[in-house]
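Chemist: Can you read through this structure? Questions will come right after.
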Amino acid sequence: MAKKAPDEEPTGDLSIEGEAPKKSKKKLIIIAGISVLLLAVLGAGGFFGYKWWMGKKAAAGGDNATEQKAADAHGEKPAEGGPGAAAGEKAGEKGAAVEGGGELVSIPPFLVNLADPQGRRYLKLALDVEVKDKLAADELNKNMAKIKDSLLLLLSSKTYEDLASIENKILLKKEIVERMTLVLGEQKVMRVYITEIVIQ
């Protein structure tokens with residue numbers, strides 16, 4: 001029976017215990033690296049997604065502001081409270097008096113596909129129409145189906161390029177007045193106010 005000397009250490013146990021901490025450190029570094037990389041990818045994706053969605057909303061909001069400036073420059077007076085307020089306040093009313101003596105009639109929003117080659121774009125458009133008097137407002141409400149039909153055909157024939165610039169939006173307003181005049185008769189439609197426009 002040989003006794004072990006206290007100075008001797010078992011070498012087999014040390015090598016196994018010595019490798020275990022090295023492997024756990026390597027795993028920890030790999031997991032931390034993958035976590036950092038994953039967070040960077042998710043952060044970049046979130047950033048670009050935010051810019052993409054907010055860019056579309058800002059562009060849509062910019063169209064309304066630009067349209068308002070152009071209407072003011074051409075002497076057209078918007079409904080009381082600005083374009084958004086007119087749609088919200090008068091949506092339930094059939095006709096409301098306007099300062100100049102005319103009546104203001106809200107038309108529900110249109111949602112149409114544009115005539116773009118790929119067919120991926122659409123237009124949402126809400127209008128308030130200023131007519132000469134109460135009789136003209138009643139006639140407009142009575143002929144709403146004809147007016148909607150005429151305007152849907154007009155709007156769905158437009159492309160994104162036809163509506164992109166402010167000049168083209170003003171031209172669209174004139175075309176809408178012409179289409180309504182064909183249905184209602186001369187001198188009944190005074191102005192059209194675009195209260196909401198979204199082109200995507």
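The values are calculated or read from the model by the stated rules, or taken from the named source; none is laboratory data. Keep in mind it's a predicted model, so treat the numbers as computed, not measured. Cβ placement follows ideal geometry from the backbone for every residue including glycine, while neighbour counts extend to all protein chains displayed.
Chemist: Of the residues that sit in region 143-160 and are outside any helix (DSSP H, G or I) and more than 20 Å from the chain's Cα centre (by Cα), which one is nearest to Met190 (Cα to Cα)?
Modeler: So in region 143-160, the residues outside any helix (DSSP H, G or I) come out as 143, 157-159.
Filter again for more than 20 Å from the chain's Cα centre (by Cα), leaving 143, 157.
Numbers: Asn143: 17, Ser157: 24 Å.
Out of the qualifying residues, it is Asn143.
Chemist: Here are Leu140, Leu163, Leu127: which of them is of a type in the set (A, V, I, L, M), surrounded by 17 or more Cβ atoms within 10 Å (Cβ to Cβ) and in a strand (DSSP E or B)?
Modeler: On the way: Leu140 fails: in a strand (DSSP E or B); Leu163 fails: in a strand (DSSP E or B).
From the options Leu140, Leu163, Leu127, the qualifying one is Leu127.
Chemist: Residue by residue through region 145-200, note down the ones that are among the β-branched types (Val, Ile, Thr) and without any contact (Cβ under 8 Å) to a residue 40 or more places away in the chain.
Modeler: Hits for region 145-200 are Val177, Thr181.
Chemist: Do we have Ser150 as buried (at least 19 other Cβ atoms within 10 Å of the Cβ), modelled with pLDDT of 90 or more and of a type in the set (Gly, Ala, Ser) here? If you could, list the steps in order and put the result at the bottom.
Modeler: Values: buried (at least 19 other Cβ atoms within 10 Å of the Cβ): no; modelled with pLDDT of 90 or more: yes; of a type in the set (Gly, Ala, Ser): yes.
No, not satisfied.
Chemist: Select from region 161-200 the residues that are modelled with pLDDT of 90 or more and within 12 Å of Leu114 (Cα to Cα) and list them in ascending order.
Modeler: Of everything in region 161-200, just one residue is modelled with pLDDT of 90 or more and within 12 Å of Leu114 (Cα to Cα), namely Val198.
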